[in-house]
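Heads up, the thing below is written out as structure tokens.
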Amino acid sequence: MKTILVTGGAGFIGSHTCVELLNHNYNIVVMDNFVNSSMGAVEAIRTITKKDFPFYECDMLDEAAFEKIFAENKIDAVIHFAGLKAVGESVHKPLEYYHNNLTGTLNLLKLMRKYGVHQIVFSSSATVYGSKNPVPFCEDMPIGGTTNPYGTTKVMIEQILQDTCVADKDLRVALLRYFNPIGAHPSGLIGENPNGIPNNLMPYVARVAAGILPCLSVYGDDYNTPDGTGVRDYIHVCDLASGHISALEKLDTVNGCVIYNLGTGCGSSVLDVVHAFEKASGKKVNYKIVARRDGDIATCYADVSKAKKELHWEAKYNLDDMCRDSWNFIQHTKQN
Ligand code: WQD
């Protein structure tokens with residue numbers, strides 16, 4: 001069975017994908033530098049699947065340590081999650097974001113070439129569509145015009161991968177553009193647990209419901225949306241994980257680079273999320289309306305027809321499922 005290197009495999013999406021890979025009888029090798037994760041997630045993957053695998057605490061920028069992973073394991077394909085991903089932080093730390101995300105990816109691609117690894121699935125983002133495209137976003141739309149360095153690194157890495165496919169006819173690439181991943185594994189052992197104050201909506205809402213934070217700030221209610229608050233395409237992280245398996249299998253039958261949106265195709269507003277979470281948790285979520293957040297767009301949701309047609313993949317879970325599993329996860333986290 002194939003061995004898959006998962007970079008950033010202790011992270012929110014990476015850990016859920018590792019569970020899915022093991023459940024599909026892939027062998028995995030996991031690396032992570034723990035900048036936004038912990039060894040607890042690695043142990044949780046082992047607990048959930050009752051399977052073991054090599055783990056390396058390693059930074060993509062440490063070329064010698066990174067090469068050791070390829071020298072010690074016969075890697076067949078890579079799923080590349082590792083990267084800095086806080087939109088707001090990237091505006092204040094552009095050099096760190098460009099260096100980490102771009103140089104780290106270049107280090108990975110050089111090692112793949114040296115060790116004869118010809119397949120990669122890349123964790124891209126809907127943010128590459130920028131603010132000029134009409135919704136629903138389609139894979140053949142022009143990308144760019146992003147409002148932050150984080151999003152721009154995703155655009156640049158997509159370009160690097162596409163250019164490398166032109167030069168190396170053996171390389172097969174799947175670019176997966178995630179919309180808004182939320183939720184958690186039903187076991188409650190892995191989920192979204194950012195260090196410090198969450199940037200993203202769902203972990204913040206969950207912590208208000210759990211009494212950890214006092215009040216949610218809703219960034220604007222004057223957008224041209226049904227209730228005035230921002231609309232996003234929230235997708236269950238377990239649906240996202242299964243989409244990676246479908247994309248990995250697709251790479252056995254394609255040449256060059258393929259691109260897929262991973263979303264539900266449905267938009268939900270901030271207040272939709274608040275109300276769904278109150279229903280799922282039975283708790284009140286206090287909120288106040290504040291000014292818009294710089295860089296936010298009003299509405300973002302996916303056209304998901306291509307992944308459905310070519311990957312035979314579509315999201316199974318709805319917003320109530322996502323809120324239920326996020327609530328279950330934060331209750332587990334509070335207990336431990
Ligand atoms: C969602 C909605 C906010 C927090 C970003 C990246 C994307 C991916 C996910 C990394 C918006 C509103 C939020 C809060 C709020 N990042 N909001 N109060 O900005 O759509 O996407 O994170 O993988 O690439 O672009 O996600 O969860 O921050 O915001 O009102 O405290 O919730 O204005 O409308 P976003 P988000």
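Bear in mind these aren't lab numbers, they're just calculated from the coordinates by the rules spelled out. Here the structure is a predicted model, which means the values were calculated and not measured. Cβ atoms come from the backbone with ideal geometry, glycine included; neighbour counts cover every protein chain shown.
Distances between every pair of Cα atoms in region 79-234, grouped in 5 Å steps from 0 to the bin holding the largest one, split as 2, 8, 14, 18, 18, 16, 12, 7, 3, 2, 0 percent. Simple spin-label estimate for D168 and M1 gives 2.6 nm between the two label positions (7 Å along the Cα-to-Cβ direction from each Cα).
How many angstrom lie between the Cα centre of region 1-79 and the Cα centre of region 193-213? Between the Cα centre of region 1-79 and that of region 193-213, the gap is 26 Å.
For the chain, the spread of Cα coordinates along the three principal axes comes to 54, 44, 39 Å, biggest extent given first. To the nearest ten degrees, helix 149-167 and the longest principal axis of the Cα atoms of the chain are 30 degrees apart. For region 305-334, the set of trypsin sites (Lys or Arg not before Pro) satisfying both a DSSP loop assignment and a count of at most 12 other C-beta atoms within 10 Å is given as K316. Each label point was placed 7 Å from the Cα along the Cα-to-Cβ direction; for A71 and T47 their separation is 3.5 nm.
Specify the angular offset, from 0 to 90 degrees and rounded to the nearest 10, of the alpha carbon long axis of helix 12-23 from the longest principal axis of the alpha carbons in the chain. Approximately 60 degrees, to the nearest 10. Averaging 1/r over every pair of different alpha carbons in region 24-86 and inverting the result gives a Kirkwood radius of 12.9 Å. With neighbour counts taken as other beta-carbon atoms within 10 Å, the residues V258, V166 rank, fewest first, as V166, V258. Result for the chain in a Gaussian network model with C-alpha springs under 10 Å: among V205, V218, V254, the largest mean-square fluctuation is at V254.
Using the Cβ-Cβ distance between L106 and R293 with R0 = 25 Å, the FRET efficiency computed as 1/(1 + (r/R0)^6) comes to roughly 0.20.
Return the subset of K2/K114; K2/K85; K2/K74; K110/K169 for which the Cα-Cα distance in this structure is over 21 Å, preserving the input order.
Values: K2/K114 19 Å; K2/K85 28 Å; K2/K74 9 Å; K110/K169 15 Å.
Over 21 Å Cα-Cα: K2/K85.
Please name whichever of V128, S38, V6 sits farthest to the positive end of the charge dipole of the chain, dipole taken about the Cα centre and charges placed at Cβ: Lys and Arg +1, Asp and Glu -1. Value computed over the given set: S38. Treating r as the C-beta distance of L61 and T253 and R0 as 30 Å, the FRET efficiency rounds to 0.35. If only the Cβ of Lys and Arg carry +1 and only the Cβ of Asp and Glu carry -1, the dipole of the chain around its Cα centre is close to 320 debye.
Within the chain, antiparallel bridges make up roughly 5 percent of the DSSP beta bridges whose residues both belong there. Annotation: the residues L109, L102, sorted from fewest to most other C-beta atoms within 10 Å of their own C-beta, follow the order L102, L109. Dividing the mean sequence gap of close Cα pairs (under 8 Å, 6+ apart) by how many residues the chain holds gives a relative contact order of 19 percent.
Give the residue from H24, L61, N318 lying farthest towards the positive end of the charge dipole for the chain; charges sit on Cβ (+1 for Lys and Arg, -1 for Asp and Glu) and the dipole is referred to the Cα centre. It is N318.
For the chain, the longest principal axis of the C-alpha atoms and the axis of helix 63-72 are separated by about 70°. A simple charge model with +1 on the Cβ of Lys and Arg, -1 on the Cβ of Asp and Glu and nothing else charged puts the dipole of region 277-336 at about 240 debye relative to its Cα centre.
Ranked for footprinting exposure by Cβ neighbours inside 10 Å, fewest first, T49, T103, T253 give T253, T103, T49. Looking at region 93-208, the DSSP beta bridges with both ends there are about 10 percent antiparallel. Label-to-label distance for E278 and H312 is 4.3 nm, based on points extended 7 Å past Cα in the beta-carbon direction.
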